[in-house]
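Just below is one structure, and these are the notes that go with it.
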């Protein structure tokens, strides 16, 4: 009996010591490489800032942070993988508004898009851009609307997949402009962009990050940005609302989250290091050249509140756009 009491006493002392030291996890974290799951294909709007971010974060944490591309099904494949991962801080998700578009479109997901994740912080925001292949005889948004009305269902628009932001951006544009274009989903931004450049499809609504080089080289013609204000990288390009579709506003964002149950001190350490990295002028300049503007929250809790608002917002936009998984 005395031996058992001594064992219990020792366990209680150990537990108490752990509770009195909230930095216990963070002191040893990270001690091996961290995986940042990007639920989109390589070279896309999420992949570019993700790789820029991991380079700087690897230096900040003195541990390698590796991008793991897991595209498909409107980002739900990568999101499910992270939701099921051990909540130890070594598997993270590049979360975005697409995360909530996918949740609204795919009704039988095995994870909760809000409650199965530990929010860390937003990292960037960026508009999408309406681009067309130069072979399409349009130079403005009004031209595109007129041509689509003259040829209902005959013009194809590419997206990075069913349930992607590109899909919803295009569907909402069609609904608000009163036109009918045919949605062609691809398995990621890379294949969609390849076919846009080849003229296999003639319209796209991709993230601005991967498009600036193609636009400046004349390989694609930009008509408008989808946000409520113009992009610093394409200041002469109007917004869709300015170009004739009043009230239209779709802005993409990216952030970092982990599986539900991550230790609080690990979340706080990641948040602190991410903010330190995001405040680096060199990284800000790099991201801006890729069409991304730095954005963050002062606490993980603030990002968590943002995710709740975004979940409701994008569910409403999916409903209003009439977008469906096909």
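In the range 132-154, the condition of being over 30 Å from residue 213 (Cβ atoms) and in contact with a strand residue (DSSP E or B) (Cβ under 7 Å, 6 or more places away or on another chain) is met by at least one residue. Does the range 248-265 contain at least one residue that is in the same structural domain as residue 72 (by TED's automatic domain parsing), touching a residue at least 12 places away in the same chain (Cβ under 8 Å) and in a helix (DSSP H, G or I)? Scanning the range 248-265 turns up at least one residue that is in the same structural domain as residue 72 (by TED's automatic domain parsing), touching a residue at least 12 places away in the same chain (Cβ under 8 Å) and in a helix (DSSP H, G or I). Scanning the range 223-238 for residues that are within 18 Å of residue 171 (Cα to Cα) and touching a residue at least 40 places away in the same chain (Cβ under 8 Å) returns 223, 224, 225, 226, 227.
Are any of the residues in the range 37-50 without any contact (Cβ under 8 Å) to a residue 60 or more places away in the chain and surrounded by fewer than 21 Cβ atoms within 10 Å (Cβ to Cβ)? There is no residue in the range 37-50 that is without any contact (Cβ under 8 Å) to a residue 60 or more places away in the chain and surrounded by fewer than 21 Cβ atoms within 10 Å (Cβ to Cβ). For the range 269-287, the criterion of a residue being more than 26 Å from residue 201 (Cα to Cα), surrounded by fewer than 17 Cβ atoms within 10 Å (Cβ to Cβ), touching a strand residue (DSSP E or B) at 6+ places or on another chain (Cβ under 6 Å) and at pLDDT below 95 is satisfied by at least one position.
Candidates in the range 193-215 are the residues that are at pLDDT below 95 and part of a loop (DSSP other than H, G, I, E, B); of these, the one that is farthest from residue 175 (Cα to Cα) is 211. Restricting attention to the range 216-235, the residues that are on the phi < 0 side of the Ramachandran plot, modelled with pLDDT of 95 or more and out of contact with any helix residue (DSSP H, G or I) (no Cβ under 9 Å at 6 or more places or on another chain) total 1. Residue by residue through the range 164-188, note down the ones that are under 20 Å from residue 78 (Cβ atoms) and in a strand (DSSP E or B). Within the range 164-188, 185 is the sole residue that qualifies. Taken over the range 129-160, the criterion of being farther than 23 Å from residue 324 by Cα and part of a helix (DSSP H, G or I) is satisfied by 141, 142, 143, 146, 147, 150. Do we have residue 210 as in contact with a helix residue (DSSP H, G or I) (Cβ under 7 Å, 6 or more places away or on another chain) and buried (at least 24 other Cβ atoms within 10 Å of the Cβ) here? Criteria not met by residue 210. Is it true that some residue in the range 139-147 is surrounded by fewer than 24 Cβ atoms within 10 Å (Cβ to Cβ), under 28 Å from residue 73 (Cβ atoms), at pLDDT 95 or above and in contact with a helix residue (DSSP H, G or I) (Cβ under 8 Å, 6 or more places away or on another chain)? No.
Only a single criterion out of (1) more than 23 Å from residue 91 (Cα to Cα); (2) part of a helix (DSSP H, G or I); (3) without any contact (Cβ under 8 Å) to a residue 60 or more places away in the chain is not satisfied by residue 272, namely (1).
Per the listing 309, 325, the residue uniquely at pLDDT below 95 and in a loop (DSSP other than H, G, I, E, B) is 325. Regarding residue 136, is this residue modelled with pLDDT of 95 or more, crowded, with 24+ Cβ neighbours inside 10 Å and outside the structural domain of residue 57 (by TED's automatic domain parsing)? Judged against the criteria, residue 136 is not a match. Give 88, 116 a once-over and let me know the one that is surrounded by fewer than 24 Cβ atoms within 10 Å (Cβ to Cβ) and within 16 Å of residue 308 (Cβ to Cβ). Step by step, each of 88, 116 is checked, and only 116 is surrounded by fewer than 24 Cβ atoms within 10 Å (Cβ to Cβ) and within 16 Å of residue 308 (Cβ to Cβ). Among the residues of this structure, residue 101 does not count as one that is within 20 Å of residue 123 (Cα to Cα), outside the structural domain of residue 161 (by TED's automatic domain parsing) and surrounded by fewer than 18 Cβ atoms within 10 Å (Cβ to Cβ). Identify the single condition in (1) without any contact (Cβ under 8 Å) to a residue 24 or more places away in the chain; (2) buried (at least 18 other Cβ atoms within 10 Å of the Cβ) that residue 314 does not satisfy, given that it satisfies every other one. If we test residue 314 against (1) without any contact (Cβ under 8 Å) to a residue 24 or more places away in the chain; (2) buried (at least 18 other Cβ atoms within 10 Å of the Cβ), just (1) comes out false. Out of the helices (runs of 4 or more DSSP H) lying entirely within the range 10-124, which hold 2 or more residues that are modelled with pLDDT of 85 or more? Result: 47-61, 76-83, 97-105.
The values are calculated or read from the model by the stated rules, or taken from the named source; none is laboratory data. Owing to the predicted nature of the structure, the values given are computational and were not obtained by experimental measurement. Every residue, glycine among them, receives a Cβ derived from its backbone with ideal geometry; neighbour counts consider all protein chains shown.
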